[in-house]
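One structure is given below, encoded as structure tokens.
The values are calculated or read from the model by the stated rules, or taken from the named source; none is laboratory data. Just so it is clear, the structure is predicted and the values come from calculations on it, not from any experiment. FYI the Cβ positions are ideal-geometry reconstructions off the backbone, even for glycines, and counts take in every protein chain you see.
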Amino acid sequence: MGERIILKATLADLPKIRDRYPFIYLEHGRIEVDDSSIKWISASGEVIRLPAATIMTLLLGPGTSVTHEAVKVLATLNTTVCWVGEDSLMFYAVGQTPTSDTRNLRKQLALAADPEKSLRIARSMFLYRFPETGVKHKNLQELMVMEGGRVRSLYESLAEKYLVAWRGRSYKPGSFELSDMTNQLITGCNAALYALISSILYALGLSPKVGFVHSGSPLPFVYDIADLYKAELVLSV
């Protein structure tokens, strides 16, 4: 067998983010390298070549493995690799190339560190949810009170619409089974949304740990973004 030839890709060779597919989820199989290309071997033996240069993120679910050589090639292609739970319901870890561009992260940190700019971004997020309400002069605490009222009202209206007994949002970390069925469904959907957002933020070179509304939690920026879409993606049918 001849010696394998690996050509190192440069930034000029890679598609722009807008031209790349956001993510592919894989489970029960193995990622290897064959003649410089990435291939996926499923548990049933099916072999699929992956256009890794045009994929922003690979989500590796249960039963997956990846070779050292494959990780090297993926890093060269600036493809983010995330380890997630079944159907992406949990986000466990992320692998990024150490030479990836930090421009977005530097900008995020600069905005979050400036109280005025950080509050301006938070207000923009709330304006998305309160388009007809003046948020320009509200402080963060007032905005969060408004959001709490909006979410409680949404839960109650949906419970009435779908004839669901609702006693309020209830979830204790590590005690998923103690919640009622409705709360379990909401928790599961939230986890899937958090996993997807985490993967996207890492792929964009942003930090899930630096938020503008939430703070003091494991993934504040993830929760910031998730709150913009929960009503449509988690609660609405």
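When we screen Ala192, Ala159 for residues that are assigned to a helix (DSSP H, G or I) and under 30 Å from Arg103 (Cβ atoms), the only hit is Ala192. Within region 24-55, being part of a strand (DSSP E or B), of a type in the set (A, V, I, L, M, F, W, C) and within 17 Å of Lys72 (Cβ to Cβ) holds for Ile31, Val33, Ile38, Trp40, Leu50, Ile55. The residue pairs whose first member lies in region 195-212 and is acidic (Asp, Glu), whose second member is assigned to a helix (DSSP H, G or I), and whose beta carbons are closer than 6 Å, counting only pairs six or more residues apart or on different chains, do not exist in this structure.
Does Val135 satisfy the criteria of being assigned to a loop (DSSP other than H, G, I, E, B), surrounded by 15 or more Cβ atoms within 10 Å (Cβ to Cβ) and not aromatic (Phe, Trp, Tyr)?
yes
Quick check on region 100-115. Is at least one of its residues in contact with a Phe, Trp or Tyr (Cβ under 6 Å, 6 or more places away or on another chain), surrounded by 14 or more Cβ atoms within 10 Å (Cβ to Cβ) and not in a helix (DSSP H, G or I)? Taking every residue of region 100-115 in turn, none turns out to be in contact with a Phe, Trp or Tyr (Cβ under 6 Å, 6 or more places away or on another chain), surrounded by 14 or more Cβ atoms within 10 Å (Cβ to Cβ) and not in a helix (DSSP H, G or I).
Taking the criterion of being closer than 18 Å to Ala231 by Cα and in contact (Cβ under 8 Å) with a residue 12 or more places away in the chain, the residues of region 135-150 that qualify are Leu143, Met144, Met146, Glu147, Arg150. Has region 72-91 got at least one residue that is buried (at least 18 other Cβ atoms within 10 Å of the Cβ), at pLDDT below 80 and in a strand (DSSP E or B)? Among the residues of region 72-91, at least one is buried (at least 18 other Cβ atoms within 10 Å of the Cβ), at pLDDT below 80 and in a strand (DSSP E or B), which makes the answer yes.
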